[in-house]
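Note sheet for the following structure.
What follows draws every value from the coordinates through simple rules; no lab data is involved. The model shown is predicted, which means the values in this text are computed figures rather than measured ones. When we count neighbours, we look across all protein chains shown, and the Cβ atoms used for this are built from the backbone with ideal geometry, even at glycine.
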Amino acid sequence: MSILISKDTKFIIQGITGREAVNLTRENLDYGARIVGGVTPGRAGRDVYGVPVYDCVRDVVRKEGSLDGSVVSVPPKFTRDAVFEALENRIRLVVVVTENVPRREVAQMVELATLRGARIIGPNCLGIISPDEAKMGGVGGPAANTRQAYTKGNIGVMSRSGGMTTEIASTLTAAGLGQSTCVSIGGDAIVGTSYAELMPLFEADPETRAIAIYSEPGGRMEAELAEWIQANNSRLPVVAFMAGRFMDEMKGMRFGHAGTIVEGKEDTTAEKIKRMEQAGISVAERIEEIPRLLEKRLAEVK
Amino acid sequence: MPGLFIDVKVDPEVAKDAGIAAKLEEVCPVGIFVAAASGVEIDEQNLDECVLCDLCIEAAPKNGVRVIKLYES
Amino acid sequence: MRFYEYESKALFRRHRLPLGPGQRVNSAAEARQAFGEIGGPVVLKSQVLSGGRMKAGAVKFAESADEAAEHFQSIMPIVVQGESARSVLVERKSAVAQEYFVAITWDGRAKKPVLVFSDMGGIDIEEVAETHPEHVSKTHFSSILPLSPRIAKEAVGAAGVTGAALNRLTPIVFELMKIFLAYDLTLAEINPLARLEDGSFVVLDGHVDMEAEARGNHKKLLEELGIGEDETRQARPPTDFELAGARVNAVDHRGVAGNVVEFDGNLGLVIGAGGGSLTLFDAVRQHGGRPANYCEIGGNPSVKKAEALTQLILSKPGVEKLAVMMNVVSNTRVDIVARGVIKGCIAAGRDPAETIAIFRIPGSWEDEGFKILRKYGVEYCDRSVSMHDAAGRAVAKIS
């Protein structure tokens, strides 16, 4: 089992003829993904690695029937409209890879998704992977690299950094801990799905037995996760790694992702660590401590 | 300045062919080949940008283009 | 990207928010003249981006033209939290009956704009929220449904305001909501918004932040306000080194090798990507290392870009060695980065084997990359060495 995606997830790539999208199409197909079409306006009739290209999402639906998901990899200017197009064609899972989308437009995408009962992952993310099942997005890179870093197992991974998703999975794999599903949730100030919003899915997934997260300064997402865990008496032990500790002394400076800035006290790593620890989340000082902490917490659950 | 890591050799006969020159310029993602009036020329500035995609080797007749990894010698 | 007060007010004026007479001045003579034109007691305010001007003595009241000129002279040199004044804003001093607070920002949890209103303006709103919660209202509103003044009315009412004040405040707050969405702002704040003794309202101080990513959508406005494209408006102005870093990243459109921030240490860092850089910078400091810079590479930059970044970092006085480190990469290629940093060392007249303390980038095309590193005698490691330990090795080579 896994969350969000499986071998059967039928999805499309919006912006499929773009440089990055061509790569991720190849990588996803090699990993066994079921990509039934791609969309680039004006390019209907072509194909990308055998995947037929259409002008509109509607045209794919007419040909292939209802779709489960879409990966949106179009320039920032066109991202909101591409997501609206996916949502209005009843797609319920939209992974937005694009970086530098202004937050007003992200908020609008998320609000429409909520009205339509759909979910957005990202923007500014590398997507979702359920090892040995499927992946949606660039997470892990070429299939061979992906298989080296990601293995099937019982740890759910959530990360605000796409690259660190792979670093954590690779560290878990080396320690013999496989992953159920890994989600690169995106590094922007507003993202479609936060840690706390993914927790009910992991909670309901019998394969998932513990969670590892990568977190950083900025925003309230870690506090929200801590509250969720306490309010729902979660069965899942959570281990978090906190990066960007140096930023606590550098208020107002933006590093890394768009959402990574210390504006107030609640944004600091010190405050986030405090809140997470209060909620029973183990906070690792280093990435390589994550496996040991997970094993310790898993042993306590038994 | 020639490449520090990559050198590309084009067979002199192949280099004269305008058709192949145009093809090489088109397939190379990093602009190593330039289709000049006299045939293929190499833009040395871009040699080290080579991503080892082999598209030039496939575009040319057998042994027409060789990509040499200078760090292997 | 933060606006100066005078820029925020210029934006407000376009939308007919109530503003008293005022002028931005750059000399004592202009200050004197502004006093004459405004005709009465004035307030002079230093134009800086940081807060705390009042505390720093950079806001003063003048009763005469001479006093206005005098205050200009004393305010201009004052450095507020490391920042020099750009100019001085001279405005009419108002007879204030009551001060209100109104601000709109994004709530990342609700993923909607949130409007914060209080009838206790002029002081720290966080403090008011703690001591007088009934005087502060927080109202979320939709970013896709049509905006409606009733949201503004409800927000004002929820803070306990009624009567004529409610009816006069509603259109002002509503206008600010419209401005917030129309210009991709991340903050639109009026504090204080004053009710004068005659019952009218006036914006005394305002503060606007525009999202950096959205600058391209508002080029005309920014041009008209005189905000240059190279003004980053971060917490501190960029250094020459950082500006050079931005130029490196603009060399071509392939990947990222930039986001350079200058520090004063001796260990140059070529690190990436977003999250990896934060992790590695921490790791270097945890080992007692002193970074010369922060930066980010990612998205598979060209060899030229990685080379130029390396050369730039090595050109910084006091940089003894370089640590080249990333998380496990899948898009960026190990061999391409290896070529770039080695070329950068050579271009800077340094021996790569001596200069690169450690190369820890595992992942895509690592076998090819490691071949290159072996050829040049550069110490490298694969993913079996953690990011933390790799940083430790680099620091150990310096001290």
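Once both labels are positioned 7 Å from their Cα atoms along Cα-to-Cβ, the gap between C:GLN73 and B:SER38 label points is 7.4 nm.
Beta bridges assigned by DSSP with both partners in chain A are antiparallel in approximately 20 percent of cases.
Net charge dipole, chain C: roughly 1000 debye, given to the nearest 20, about the Cα centre with Cβ charges of +1 for Lys and Arg and -1 for Asp and Glu. Each principal axis of the Cα atoms in the stretch B:6-72 has its own extent, and those three values, largest first, are 31, 22, 17 angstrom.
Along the axis of the charge dipole computed for the stretch B:6-72 (Cβ charges of +1 for Lys and Arg, -1 for Asp and Glu, origin at the Cα centre), the listed residues B:ASN63, B:PHE33, B:ASN46 are led at the positive end by B:ASN63. Legend: translational diffusion of the stretch C:240-398 by Stokes-Einstein, Rh = Kirkwood radius over C-alpha pairs, 10 °C, 1.306 mPa s; D = 108 µm²/s.
May I ask you to derive the relative contact order of chain C, considering only C-alpha pairs under 8 Å and at least 6 residues apart, and to give it as an integer percent? That works out to 11 percent.
Largest GNM mean-square fluctuation among C:HIS140, C:HIS132, C:HIS71, using chain C with Cα springs under 10 Å: C:HIS132.
Shielding value for C:267-276 is 5, the average number of Cβ atoms from other chains within 10 Å of each residue's Cβ. Taken residue by residue and averaged, Cβ atoms of other chains lying within 10 Å of the Cβ of C:357-363 number 2. Each of A:SER66, C:HIS132, C:ILE398 was placed along the dipole of the protein assembly as shown (beta-carbon charges, centred on the mean Cα), and the one lying farthest toward the positive end is A:SER66. Each Cα pair under 8 Å and six or more residues apart adds its separation to the average, and for the stretch C:240-398 the resulting relative contact order is 24 percent.
To make sure I understand the rule: partners must be lysines, Cα under 27 Å from the Cα of C:LYS93, and not fewer than 8 residues away in the same chain. Which ones qualify? Here the lysines satisfying the reach criterion relative to C:LYS93 are C:LYS9, C:LYS45, C:LYS55, C:LYS60. With distances taken between every two different alpha-carbon atoms, the stretch A:10-301 has a Kirkwood hydrodynamic radius of 19.2 Å. Secondary structure note: in the stretch C:240-398, about 25% of the DSSP beta bridges are antiparallel. Here's the list of aspartates and glutamates a cross-link from A:LYS302 could span, going by alpha-carbon distance under 19 Å and ignoring same-chain residues fewer than 8 apart: A:GLU203, A:ASP205, A:GLU207.
Measure nothing but the geometry: give the 0 to 90° angle between the long axis through the Cα atoms of C:240-249 and the longest principal axis through the Cα atoms of chain C, rounded to 10°. It works out to around 70 degrees. Overall form of the stretch C:262-346: oblate. Here a/c, set by the Cα gyration tensor axes a ≥ b ≥ c, is 1.5 or more, and a/b is not larger than b/c. Within a straight-line Cα-Cα reach of under 17 Å, C:LYS153 can be paired with the following lysines, leaving aside sequence neighbours fewer than 8 residues apart in one chain: C:LYS138, C:LYS178.
DSSP beta bridges fully contained in the protein assembly as shown are about 55 percent antiparallel. Each Lys and Arg Cβ is given +1 and each Asp and Glu Cβ -1; about its Cα centre, the stretch C:21-92 then shows a dipole of about 300 debye. For the stretch A:159-246, chymotrypsin sites (Phe, Trp or Tyr not before Pro) are listed when DSSP marks them as loop and at most 16 other Cβ atoms sit within 10 Å of their Cβ; the list is empty. Sparsely packed loop sites in the stretch A:87-143 (the trypsin sites (Lys or Arg not before Pro) outside DSSP H, G, I, E and B with at most 15 other Cβ atoms within 10 Å) comprise A:ARG90. With respect to chain C, whose longest principal axis is taken over its alpha-carbon atoms, helix C:149-158 is tilted by about 80°.
Of the residues C:VAL59, C:VAL328, A:GLN230, the one whose Cα sits farthest towards the positive end of the charge dipole of the protein assembly as shown is A:GLN230 (charges of +1 on Lys and Arg Cβ, -1 on Asp and Glu Cβ, taken about the Cα centre). Distance from the C-alpha centroid of the stretch A:196-226 to that of the stretch A:100-138: 16 Å, rounded to the whole angstrom.
Would you mind estimating how fast the protein assembly as shown diffuses translationally, via Stokes-Einstein at 37 °C and 0.692 mPa s with the Kirkwood radius over Cα pairs, in µm²/s? Estimated diffusion coefficient is 116 µm²/s.
At full extension, B:ALA18 and B:MET1 could sit 3.6 nm farther apart than now, given 0.36 nm per residue minus the alpha carbon distance. Assign one of three labels to the stretch C:1-105, namely rounded, prolate or oblate, based on the Cα gyration tensor with a ≥ b ≥ c the square roots of its eigenvalues; rounded applies when a/c is under 1.5, prolate when it is not and a/b is larger than b/c, and oblate otherwise. Oblate. When only the Cβ of Lys, Arg, Asp and Glu is charged (+1, +1, -1, -1), the dipole of the protein assembly as shown relative to its Cα centre reaches about 940 debye. Angle of helix B:18-27 to the longest C-alpha principal axis of chain B, folded into 0 to 90 degrees and rounded to 10: 40°.
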